[in-house]
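*Asks:* Below is one structure. I have some questions about it.
What follows draws every value from the coordinates through simple rules; no lab data is involved. These figures come from a predicted structure and were not determined experimentally. Neighbour counts are summed over all protein chains in view; Cβ atoms, including those assigned to glycine, are modelled from backbone coordinates with ideal geometry.
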Amino acid sequence: MSHSSLSSAAAGRSPVLPGATLGVLGGGQLGAMFASAARRMGYRVEAVVDHADCPAARHCDRVHVGLLDDPARLVELGRRFAAVTYEFENVPVAAARALDGVVPVRPGPEVLFTTQDRGREKAFLVAHGLPCAPHSLVRSRDDLVAAVARTGLPAVLKTCASGYDGKGQRRIDSLAEIDAAWGALGPAELVLEGWVPFAGEISVVAARGLHGETFTWEPSLNHHRHHILDCSLVPSGLPAATIDGARRMAERILEALDVVGVACVEFFVTADGGLLVNEIAPRPHNSGHLTIEAAATSQFEQQVRAVCGLPLGSTTLRAPAAMVNLLGDCWEMGEPDWTAALAVEGVSLHLYGKSAPKPGRKMGHLTALAASVAEAEAAARTARRALARGAVG
């Protein structure tokens with residue numbers, strides 16, 4: 001935990017107190033969990049969503065469908081809110097900027113502008129001396145050929161916008177694969193990243209308050225399967241120097257972006273314990289779900305506190321924890337055996353209320369607390385295996 005200096009821009013702002021109406025842009029599970037935390041604290045919550053049948057609709061006082069691409073109507077709606085936040089970064093920046101003219105949008109629209117585009121995000125990291133993978137901006141096939149010559153192979157070609165869970169990415173291992181990669185992702189603005197032979201991946205969820213105070217949670221060690229987060233573990237077991245470095249770097253990033261709210265910084269950890277920033281998400285994060293049970297203040301309550309200008313809560317870890325995602329694959333053998341999963345000691349279930357399970361779709365998660373992180377991981381994985389009688393684990 002650290003406290004940065006009070007910014008003059010933030011000084012004197014009044015907190016948004018319980019009883020007020022908060023707006024959230026987006027209707028997924030992050031919006032649902034934010035709304036649940038906010039309503040528990042006495043706020044009303046209304047979501048602006050793409051479709052009415054969404055997880056947030058089950059937790060909000062009201063949903064408004066189809067306004068994200070209509071700034072004029074969105075501004076009119078925004079006058080109802082005391083503050084606005086978002087639960088995914090693909091909100092049109094024009095909509096966030098328009099709203100910010102009538103109601104505080106936190107984090108601000110320029111944070112969204114920087115972080116929703118990989119090219120701009122990389123430029124921000126370079127400008128602030130923050131380590132990241134070698135990379136080049138690519139706008140044409142010729143750019144890609146030149147970028148490969150500079151960066152070397154293997155490398156990963158990524159779309160600048162709208163990529164998540166491995167979507168919008170293509171690994172290139174040989175010169176013969178350049179045309180296929182360009183054909184798959186171009187023509188669009190892309191980034192070619194040099195391949196990082198990392199030893200692990202961690203993430204730091206952090207919150208920055210209205211007056212510049214910054215709190216971080218314990219970094220989580222993350223394991224992926226098919227480019228989708230599979231399991232997060234806290235504590236990570238990494239050396240103290242690596243953990244402290246990641247927390248300090250996350251604090252620097254939130255301060256440089258002037259974030260008010262919650263954000264997550266994902267890192268590659270190199271074999272020597274070094275850190276490279278992979279991505280910045282200007283919202284709560286999948287790897288932070290375990291904070292609901294494992295931390296004194298969850299990432300979602302903290303988001304409410306930060307967005308409303310209230311004092312931030314303690315991020316102290318209550319117990320070692322593991323979180324495993326539940327994808328639509330868990331339904332392949334029929335309805336999962338929830339009774340068997342919940343028979344595992346220390347396990348908590350979160351289902352998001354999505355209408356139909358699909359392979360690779362995040363439907364929920366399990367969190368386990370235990371005396372050690374190894375025991376927590378074993379419990380979480382045992383519970384998940386029990387859902388499908390050993391089919392998933």
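*Asks:* Would you be so kind as to identify which of CYS264, PRO239, VAL16 lies farthest towards the positive end of the dipole of the chain, taking Lys and Arg as +1 and Asp and Glu as -1 on Cβ and the Cα centre as origin?
*Replies:* The one lying farthest along the dipole's positive direction is VAL16.
*Asks:* Determine the gain in length on full extension of the stretch ARG62-ASP173; use 0.36 nm per residue of separation and subtract their C-alpha separation, reporting nm with one decimal.
*Replies:* 35.1 nm
*Asks:* Can you spot the lysines whose alpha carbon is less than 26 Å from LYS362's alpha carbon? Ignore those fewer than 8 places along the same chain.
*Replies:* LYS158, LYS167, LYS354
*Asks:* Report the gain in length on full extension from ASP337 to ALA256: 0.36 nm times residue separation, minus Cα-Cα distance, nm rounded to one decimal.
*Replies:* Here the segment from ASP337 to ALA256 would lengthen by 24.5 nm.
*Asks:* Then there's this: Calculated FRET efficiency, GLU345 and SER162, Cβ-Cβ r, R0 41 Å, to nearest 0.05?
*Replies:* 0.50
*Asks:* Continuing with this model, one more query. Before anything else, pin down the relative contact order of the chain: Cα pairs under 8 Å, at least 6 apart, normalised by residue count, whole percent.
*Replies:* Taking the mean separation of contacting Cα pairs over the length of the chain, I get 15 percent.
*Asks:* Could you give the distance between the Cα centres of the range 299-354 and the range 140-192, to the whole Å?
*Replies:* Here the answer is 35 Å between Cα centres.
*Asks:* Would you mind checking the range 281-300 for residues with the amide N under 11 Å from a putative spin-label position 7 Å along Cα→C-beta of ARG318?
*Replies:* Residues 291-298 qualify, since their backbone N sits under 11 Å from the label point.
*Asks:* Hey, what's the Cα Rg ratio for the range 115-257 versus the globular rule of thumb, 2.2 N^0.38 Å?
*Replies:* 1.16
*Asks:* Cut-off 10 angstrom, C-alpha nodes, Gaussian network model of the chain. Which of GLY183, GLY78, GLY42 fluctuates the most?
*Replies:* GLY183
*Asks:* Next question, about the same structure. Among DSSP bridges having both ends in the chain, what percentage is antiparallel? Round to the nearest 5.
*Replies:* About 80 percent, rounded to the nearest 5.
*Asks:* Put +1 on the Cβ of every Lys and Arg and -1 on every Asp and Glu Cβ in the chain; which of GLN302, VAL196, VAL126 then has its Cα farthest towards the positive end of the dipole?
*Replies:* GLN302
*Asks:* Taking the Cβ of each residue in LYS358, LYS122 as the centre, tally the other Cβ atoms inside 10 Å and list the residues starting with the fewest.
*Replies:* Sorted ascending by nearby Cβ count, the order is LYS358, LYS122.
*Asks:* I've got another one for you. Taking +1 at the Cβ of each Lys and Arg and -1 at the Cβ of each Asp and Glu, which of LEU387, ALA281, GLY66 sits farthest along the dipole of the chain towards its positive end, judged by Cα position relative to the Cα centre?
*Replies:* Of LEU387, ALA281, GLY66, it is GLY66.
*Asks:* Is the range 288-327 rounded, prolate or oblate when judged by the Cα gyration tensor, a ≥ b ≥ c being the square roots of its eigenvalues, rounded requiring a/c under 1.5 and prolate requiring a/b larger than b/c?
*Replies:* Oblate, because a/c is 1.5 or more while a/b does not exceed b/c.
*Asks:* Determine the shape class of the range 17-103: with a ≥ b ≥ c the square roots of the Cα gyration tensor eigenvalues, call it rounded for a/c under 1.5, and otherwise prolate if a/b is greater than b/c, oblate otherwise.
*Replies:* oblate
*Asks:* Between ALA295 and residues 5 or more places away or on another chain, which pairs have amide H atoms under 5 Å apart, with H built 1.01 Å from N, and which residues are they?
*Replies:* Residues meeting the criterion, in which the H sits 1.01 Å from N, are ARG318.
*Asks:* Report the equivalent ellipsoid semi-axes for the chain in whole Å, largest first, defined as the square roots of five times the eigenvalues of the gyration tensor built from alpha carbon atoms.
*Replies:* Ellipsoid semi-axes (Å, largest first): 30, 28, 23.
*Asks:* May I pose another question? Along its principal axes, what span do the Cα atoms of the range 282-390 show, with the longest given first and each in whole Å?
*Replies:* 46, 34, 19
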